[in-house]
Amino acid sequence: MFNQKIAIDLGTTNTLVYDSKKGLVYNEPTVIAIDRKTKRCLTAGQEAKDMVGRTTDNIEAIHPLSQGVISDFDSAQKLIEFLFKKIGINRKSKPRVIICAPSGGSEVEKKAVEDVAYQSGAGKVTVVDEPIAAAIGSGLSIGEPVGRMLVDIGGGTTDVAVISLGGIVLSTSLKVAGNDFDEAIIRYIRNSYNLLIGDKTAEKLKVTIGSLYPDEENKKISITGRDLVSGLPKSIEISSNETVQVFKTVAGQIMDAILGVLEKTPGELASDISLDGIMLTGGGSMLTGMDQFIHEKTGVEIVKSKDPLASVGLGLDIIAKQGIK
Ligand code: ADP
Ligand code: MG
C-alpha cells in the first residue's frame, strides 16, 4: 500500500534520510534557519549551519533537537517538511515513515517523534528504538539469544545498550558525547591561552588532530579565535599531544557509563559480549584512540561500525525494506 518508505535518523547533530528505493537521499546537519518575523523556514541543513553565528537579527538558526530529544517541536516539524520537499515528497504522497527515538526516552519523547513525522505529512509512522536501528545498521545479528553490546557515541548523547533476541535487555543514555569534546577544548584554550574559539574551530581541531593518546608525530594545527585580553583576532598553534588530557577527561565519563552497563549485565550475556566484543558506532566514536581507550578499560575487543555516522539510518532502512507491520 505504501510504495514509498522513508527512513529518518533525526539525530541531535545530523539527520539522514533513506528512501527504500533510492538509498541515501538526505544527509545534513540538524539545523534550520527561520525568519524571525514570518517564522518561516528559510533553509535547513548545512546552509543553515553555516549561518550559525553569522546571522543578522532577522534570521535565527535553531537546533530542533538537544541531547537526543526534540526540544523544539515546531522547528523539528519545519525541518522534516523542508527535507520532504527537498527529496521530492509532497503531502499527498503520504509516505510510510520509519524513524527512531532514543532508548530510555520517556513515552512523551517517543510520542513527540511520532507526532512530528505525522504533522510533517507522513501517512503511517513506526518508531524504532535507536540502539536497535544502530545495531542492525552496524551489521550485528540481534535476533539470536546472544548478548550483544552496542555503544553509540553521537553528538549530544552516548547510548549504551545490551541487546538479545531483538530486544533491549538494558540500556543507558548519557548526555555526554561528541560535542562535549568540542566544549572541553574550548574551555581548555580559553583557560590556557585566553583565547575564545568558536564551535566550528573546536570541532575541526578535534577531527584533525584530536587523540586520546600521545604519539611521536604530534601533529599541529593553527587555530584562530578572539584574544580575551585585547579583544582582537589571534592565531595560535595547538599540538595533538597537548589535547590528550582534555579529551581523556570527557572519554572517561563515557567510559563510566559503559562500565556501569557491563556491571549490570547478566552473566550469560556478559560472557557473550566478552567473546564477540563491543560494537562501537556514532560520529563521536571516530575520535582517534576511542576504540583503544574502551578496549583498555574494559578488556573487551572493540568492533568498529563500518559507517559510524550512518549506522542508525542504515538500520532503519533495512527494517523498512524487510517490511514492518
Ligand atoms: P547524532 O546522532 O547526535 O546526530 P552523529 O552520530 O552524527 O551524532 O555524530 C556527531 C558527532 O560526531 C559530532 O560531535 C561530531 O563532531 C563527531 N564527529 C564526526 N566525525 C568525527 C571524527 N572524524 N572524529 C571525531 N569526531 C567526529
Ligand atoms: Mg545518532
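All of the numbers you see were taken from the coordinates with simple rules; none came from a lab. Values in this document were obtained by computation on a predicted structure and should not be read as measured data. When we count neighbours, we look across all protein chains shown, and the Cβ atoms used for this are built from the backbone with ideal geometry, even at glycine.
Values computed for the structure shown
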item	result
Residues 106, 305, 239 arranged by fewest to most Cβ contacts within 10 Å	106, 239, 305
Tail fraction, Cα-Cα pairs, the stretch 78-140, threshold 17 Å, whole percent	46 percent
Dipole in debye (nearest 20) - the stretch 1-125, about Cα centre, beta carbon charges: Lys, Arg +1; Asp, Glu -1	640 debye
Cα gyration tensor category, rounded, prolate or oblate, for the stretch 174-232 with a/c compared to 1.5	oblate
4 °C / 1.567 mPa s Stokes-Einstein diffusion coefficient of the stretch 241-324, Kirkwood radius on C-alpha pairs, µm²/s	90 µm²/s
Debye, to nearest 20: dipole size of the chain, +1 on Lys, Arg Cβ, -1 on Asp, Glu Cβ	1440 debye
Residues listed by number, the stretch 100-124, amide nitrogen under 20 Å from residue 85 label point at 7 Å toward C-beta	116-123
Residue exposure sequence - 26, 193 - by fewest surrounding Cβ within 10 Å	193, 26
Within-14-Å neighbourhood charge of residue 274 [Cβ basis; K, R +1; D, E -1]	-3
Percentage relative contact order, the stretch 1-153, counting C-alpha pairs under 8 Å, at least six apart	19 percent
Cα gyration tensor shape for the chain, rounded if a/c is under 1.5, else prolate or oblate	oblate
Cα-Cα over 27 Å, subset of 124/304; 175/306; 22/78	124/304
Two-decimal log10 I(q)/I(0) for the stretch 1-87, as the Debye equation yields it once each C-alpha is a single scatterer, q = 0.13 Å⁻¹	-0.41
Value of relative contact order over the chain, rounded to a whole percent, pairs C-alpha under 8 Å and six or more apart	18 percent
Positive dipole terminus of the chain, leading residue within 101, 196, 239 (C-beta point charges)	101
The stretch 47-102 - convex hull of the alpha-carbon atoms, volume per residue in Å³	113 Å³
Positive-end residue, the chain charge dipole about Cα centroid, Cβ charges, pick of 118, 273, 164	118
Formal net charge of residues neighbouring residue 158 (Cβ-Cβ distance under 10 Å; K, R +1; D, E -1)	-2
Cα centroid separation - the stretch 95-121 against the stretch 190-211, whole Å	34 Å
